[in-house]
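Some notes on the structure that comes next.
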Amino acid sequence: MNRLLATALLPLSLAAFAAGEPEINVVIEGHKFAPDRIEVPAGQKVKLLVENKDSTPEEFESASLRIEKVIPGKSKSTIYVGPLKAGEYKFIGEFNEKTANGVVVAK
Amino acid sequence: MFATALIVFREVLEAALIVGIVAAATRGIPARERWIGAGIAAGLVGSLLVAGGAEAISQLAQGMGQELFNASILGIAVVMLAWHNIWMSIHGRELAQNARSVSDEIRSGAKELSVLAVVVAVAVLREGSETVLFLYGVAVSGNSSAAPMAIGAAIGLAGGVAVGWFLFAGLLRIPLKWFFSATSFLVLLLAAGMAAQAARFLIQADVLPALASPVWDTSALVSNSSLAGKALQGLVGYDAQPSGMQLAFFTTVIVAIAAGMAWARRRAASSA
């Protein structure tokens, strides 16, 4: 089924190649984001490389960034952000909302 | 326990609302319980598979597999809902007039029901897989023992199902004369909302541009992280800060399905 899915999605995935966004590393560890304050340039698309070092899955969720992405335990994911207007955009780890929260600051 | 209950409730809510609408929309079609039950069961099995394969799915398509998977299954649901509404615009009146003397095509409404069973399965699968992942995380992190987690999950599930049931029961109170127009309208909004959510995933995957984002911001009024926001998101794809692309998808699907319904009604009238 995976191969079928991959084949079906291939034409779409080719469009996903994009070049040249700034990349920022974010780590999830102990159900916390590090850094929990992510500064990005305003008006530009940015690539967050999120690594979940916990053994449990986390869901990166932000209503204002319009992102909802499960990051399985012990894995890395890419999240595209923006281009954003200058301002602050909160995000949470939905599965551990109490500790996992942060803000993207666009300047 | 309370946190677990709330998260499970939030996830179950969206699926339950969709199942409530589908259950109402298939009123009067024989054997619908069996099909809806099959849809829920398939969705639950799918939830476990998707949760188990979450990492594999994530790694497809240069790490954008999850987004494309979500967009694809939402797309399938949109097509099924469109099919339902067009079918209903031909047979709805007949169903409303007399449930006992329906035509053979309705009596053997297996095609219509299998289409909606897919919608139910997709709704349960999307929310269910997230719930499974969340509960798995709680279980293995060992921060809370099994009993309160299970109780919390059960309370959340029961709460979500109850809301879906209230929606269903409320819809059934609509007089038969307007009943199928009302459910078709809800299904139309549901389909458009799912298309808008699919658009959001395609933007997230960087496949589509956002186009003017956000077009407006009503997050101070109803935020997407509130329960009302979640419910509205499930019903009509509500987004407090929608992008232009989401609105374009929403509008296109409304127009396309409405045109399809009008065409089917005209065809049915000329052949009658």
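Descriptive notes on the structure:
- Inter-chain Cβ neighbour count for B:198-210, averaged per residue, equals 4 (cutoff 10 Å, partner chain atoms only).
- When both bridge partners sit in the protein assembly as shown, DSSP labels roughly 70% of those beta bridges antiparallel.
- In Hz, Karplus ³J(HN,Hα) per residue of the stretch A:98-107 (6.51, -1.76, 1.60; θ = phi - 60°; x = Gly, Pro): 5, 9, 8, 8, x, 9, 9, 10, 9, 10
- Listed peptides A:95-107, B:211-223, B:116-128 appear in the order B:116-128, A:95-107, B:211-223 once ranked by packing, highest mean of other Cβ atoms within 10 Å at the front.
- Tensor-based shape of the stretch B:148-272 (alpha-carbon gyration tensor, a/c under 1.5 rounded, otherwise prolate or oblate): oblate
- Euclidean distance of C-alpha centroids, the stretch B:1-44 and the stretch B:228-255, integer Å: 21 Å
- Relative contact order computed over chain B (Cα-Cα under 8 Å; 6+ residues apart), in percent: 33 percent
- Trypsin sites (Lys or Arg not before Pro) within the stretch A:18-60, DSSP loop, no more than 13 other Cβ atoms inside 10 Å: A:LYS53
- Our coupling estimate for the stretch A:64-79, obtained by passing each phi through the Karplus curve with A = 6.51, B = -1.76, C = 1.60 and θ = phi - 60°, is 6, 8, 6, 10, 8, 9, 7, 10, x, x, 6, 8, 10, 9, 10, 10 Hz, Gly and Pro reported as x.
- Here's how it looks for A:VAL40: its modeled amide H is under 5 Å from those of A:VAL105, A:ALA106, A:LYS107, which are all 5 or more places away or on a different chain.
- Principal-axis tilt of helix B:244-271 within chain B, Cα atoms, nearest 10 degrees: 20 degrees
- The stretch B:148-160 - phi-based ³J(HN,Hα) in whole Hz, Karplus 6.51/-1.76/1.60, Gly and Pro as x: x, 5, 5, 5, x, 4, 5, 5, x, 4, 4, x, x
- For the stretch A:37-67 versus the stretch B:161-194, the spacing of their alpha-carbon centroids is 36 Å.
- In terms of other Cβ atoms within 10 Å, A:PHE91, B:PHE185 run from fewest to most in the order B:PHE185, A:PHE91.
- Placed amide H near B:TYR238: partners under 5 Å, 5+ positions off or other chain: B:GLN233
- Averaged over the residues of peptide A:59-68, the number of Cβ atoms from other protein chains lying within 10 Å of each residue's Cβ is 6.
- Cut-off under 5 Å, modelled amide H: who pairs with A:ALA100 long-range: A:GLY93
- Debye intensity ratio I(q)/I(0), log10, the protein assembly as shown, q values 0.10, 0.13, 0.15 Å⁻¹ (C-alpha model): -0.65, -1.07, -1.38
- By average C-beta atoms within 10 angstrom, highest first, the peptides A:63-76, B:249-262, B:60-73: B:60-73, A:63-76, B:249-262
Only the coordinates and a few stated rules stand behind these numbers; no lab work does. Keep in mind the model is a prediction, meaning the values are calculated, not measured. Cβ sites come from the backbone with ideal geometry, for glycine too, and all protein chains shown count toward neighbours.
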